[in-house]
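The values are calculated or read from the model by the stated rules, or taken from the named source; none is laboratory data. Note that the structure is predicted; figures quoted are calculated from it, not measured. Here Cβ is always computed from backbone atoms with ideal geometry, including for glycine, and neighbour counts include all displayed protein chains. For the accessible areas, the whole protein counts, side chains as well, though only heavy atoms, and no ligand, DNA or RNA atoms are used. Shrake-Rupley method; radii C 1.70, N 1.55, O 1.52, S 1.80 Å.
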Amino acid sequence: MFSSERLKGIDVFVCVSDHGSFTAAAEKMNLTASAISKSIARLEKRLGVRLFQRTTRRLSLTDAGVAFYRTCTGVLADLEEAELLLHVENTEARGRVRIDLPSALGRAQVLPVLLPFLQAHPLLLAHFTFGDGFIEPFEEGVDIVVRIGGTNAWPETVGQRVLAHEWHSLYASPVYLSRHGTPLSEHDLEHHQCIAYGWVDGRTSPWNFADEQGAPRRRQITPQLVVGNGDGLLMAALAGCGIVQLPSWMVQQPLQEGTLVEVLPHLATQGAAITLGWVKSRQALPKVRVVLEALVAGLGKQQLQVI
């Protein structure tokens, strides 16, 4: 039988988790830090586990705390959703919305779209997380997710829309080209220093080129430098370490500043899809709907300079 005791302290626990300290949570909830601490202590005693790891300098969730946080945020989101659906006349975007973004694309393209938007919607509380791996939004308590690549593994409960496709091309710094010359053909790349993406097991990612008909094809290169991070690849190219293949959205500023130039543009080709996903059952909530609309408008083909 359900007991209301199970709900006690959940809101306090989530607030402390979100704000990182008892003091900040107390200010947010208009309570004393002592009341917050006692509420957490009672919750931990009832559950029989430690939810927070406390030191003199920081407060962090334990493994049990992380798992409980995901459950609690899902419960609170469901309660909020139920209340809003009972008041369909409430069309104002307000409340907490969780958004998970790819690391590099999120920083370079998504945040510049959403941060000004959030300033115009002060009742929205956005919680951004970053990761490049697959997640199932509902299970992770995420409302909206952006991913690069295929999303066939998402269940039917997740809505999705392809915003655009990456456009992959080759880039190098003027310093590198002045030292080693500019390649005029794909064959010339064999005599240049190439920078490739790689994994810890030693594998490197092939480059994608367009054939004579414009269709994409893959070619495995022999790199002189391997970097397992997109930002690291960009830094290596800017430092003059060689030629790199990157998506166009990552190099817009260096191209404008002249610190990178495109080489062999006829080999450029379409890359992975940039996909927007969301929990279908929350799509009608104003706070989710307006963020989806902002992402569709702000991450269109023109803004990302992709095909």
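Points worth noting:
- Exclusive hit being open to solvent by 20 Å² or more (accessible area, probe 1.4 Å) and over 12 Å from ILE195 (Cβ atoms), set GLN224, GLN245, GLN256: GLN256
- Any hit, the range 78-98, residues being among the basic types (Lys, Arg) and at pLDDT 90 or above: yes
- Residue list for the range 52-68, restricted to those being in a loop (DSSP other than H, G, I, E, B) and either more than 13 Å from PHE22 (Cα to Cα) or small (Gly, Ala, Ser) (or both): THR62
- Here the condition is being in contact with a Pro (Cβ under 9 Å, 6 or more places away or on another chain), within 21 Å of ASP132 (Cα to Cα) and not hydroxyl-bearing (Ser, Thr, Tyr); of GLY198, GLY232, it holds for GLY198 alone.
- Subset of the range 125-159 [of a type outside the set (Val, Ile, Thr) and closer than 14 Å to LEU299 by Cα]: ARG147
- VAL251 surrounded by 19 or more Cβ atoms within 10 Å (Cβ to Cβ) and either in contact (Cβ under 8 Å) with a residue 12 or more places away in the chain or within 30 Å of VAL142 (Cβ to Cβ) (or both): yes
- Which listed residue, of ILE144, ILE135, is among the aliphatic types (A, V, I, L, M) and surrounded by 20 or more Cβ atoms within 10 Å (Cβ to Cβ): ILE144
- Residue list for the range 283-296, restricted to those being modelled with pLDDT of 90 or more and open to solvent by 10 Å² or more (accessible area, probe 1.4 Å): ARG289, VAL290, LEU292, GLU293, ALA294, VAL296
- Candidates LEU59, LEU51: the one that is in contact with a strand residue (DSSP E or B) (Cβ under 6 Å, 6 or more places away or on another chain) and crowded, with 18+ Cβ neighbours inside 10 Å is LEU59.
- Selection over the range 265-282 of residues that are over 28 Å from PRO206 (Cα atoms) and open to solvent by less than 20 Å² (accessible area, probe 1.4 Å) gives a count of 2.
- Total residues in the range 186-208, condition surrounded by 19 or more Cβ atoms within 10 Å (Cβ to Cβ) and part of a strand (DSSP E or B): 6
- Test: residue in the range 29-42 that is open to solvent by less than 80 Å² (accessible area, probe 1.4 Å), assigned by the TED database to the domain that holds ASP78, touching a residue at least 12 places away in the same chain (Cβ under 8 Å) and not in a helix (DSSP H, G or I): no
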